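Everything below concerns the one structure shown next.
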Amino acid sequence: MISLTSPVETRAHRWPAGLKLGALCLSTVLLFMIKPPLFQLCAGAVTLGLYLLPGRLFAKAGARALWRLWPFVLLLMVWHVISGDLGQGLLISTRMITAVGLANLVTMTTRLSDMIALIRWLATPLRLIGLKTVYLEIAIALAIRFTPVLLDKSQKLSQSWRARSARRPGWRIVLPFAVLALDDADHVAEALRARGGFDAMKE
């Protein structure tokens, strides 16, 4: 399993995770509150600039992550072309790419351990009433770490299908992909049990 954190060191890597997450929340709210297209374009341009500042390698890593949005952008554009509102489709697509791009920046510049520590701090009130937040912390860590792994496996399944058939894979790889995901989950469960399970983890 791999982390989504960028190997390219930037100044933002040293910023507190809480500060970055708070800025992300504020930016996302502003993106949806301020409607004029000019603001959306400026926000998108600023986000692009933030990717370019640390250098080409960082920008390429960010672009690879954002490229996975293309099916959603295509679906949005097709729908708005059919409904005769292309301008609104462009506006929504720009807003979505900018919001996800900013979230991806936070993920790329924040170590997983820092993110988990922040979640643990935010969940302090739950521990005060007797709830075990270790389950939440481990679940989020696994979800973050498994996301790129599952995406990579889905791409390999698609490539394997294309190598054997001229037809598009589409829904045909859903079942084998689900089997792979369940198999990975089973291996992780065995690893957790071998280490004593959740009950062995200290608050």
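The values are calculated or read from the model by the stated rules, or taken from the named source; none is laboratory data. This one's a predicted model, so the numbers in the text were calculated from it and none came from an experiment. Positions of Cβ are generated from backbone atoms using ideal geometry, with glycine treated the same way; all protein chains shown enter the neighbour counts. Areas reflect the complete protein model, heavy atoms only, side chains present, ligands, DNA and RNA absent. Shrake-Rupley method; radii C 1.70, N 1.55, O 1.52, S 1.80 Å.
Here are the numbers for the structure shown:
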read-out	value
Filter result for residue 46 (among the β-branched types (Val, Ile, Thr) and surrounded by 12 or more Cβ atoms within 10 Å (Cβ to Cβ))	yes
Flag for residue 22 being under 13 Å from residue 106 (Cα atoms) and either at pLDDT below 90 or in contact with a strand residue (DSSP E or B) (Cβ under 9 Å, 6 or more places away or on another chain) (or both)	no
Set 94, 110, 98: member being touching a helix residue (DSSP H, G or I) at 6+ places or on another chain (Cβ under 7 Å) and either open to solvent by 70 Å² or more (accessible area, probe 1.4 Å) or part of a loop (DSSP other than H, G, I, E, B) (or both)	110
Cross-chain or 6+ apart pairs with Cβ under 9 Å, the stretch 47-65 first and over 19 Å from residue 147 (Cα atoms) and in contact (Cβ under 8 Å) with a residue 24 or more places away in the chain, then open to solvent by 50 Å² or more (accessible area, probe 1.4 Å) and among the small types (Gly, Ala, Ser)	51/63
Tally, over the stretch 124-161, of residues that are assigned to a helix (DSSP H, G or I), in contact (Cβ under 8 Å) with a residue 40 or more places away in the chain and open to solvent by 40 Å² or more (accessible area, probe 1.4 Å)	8
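Per-residue answers, yes or no, for (1) loosely packed, with under 11 Cβ neighbours inside 10 Å; (2) at pLDDT below 90; (3) out of contact with any strand residue (DSSP E or B) (no Cβ under 8 Å at 6 or more places or on another chain):
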position	(1), (2), (3)
27	no, no, yes
61	no, yes, yes
71	yes, yes, yes
76	no, yes, yes
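A quick yes/no check of all residues on (1) under 17 Å from residue 117 (Cβ atoms); (2) aromatic (Phe, Trp, Tyr); (3) part of a helix (DSSP H, G or I); (4) within 18 Å of the chain's Cα centre (by Cα):
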| position | (1), (2), (3), (4) |
| --- | --- |
| 18 | yes, no, yes, yes |
| 21 | yes, no, yes, yes |
| 27 | no, no, yes, yes |
| 30 | no, no, yes, no |
| 35 | no, no, no, no |
| 38 | no, no, yes, no |
| 43 | no, no, yes, no |
| 48 | no, no, yes, yes |
| 51 | no, yes, yes, yes |
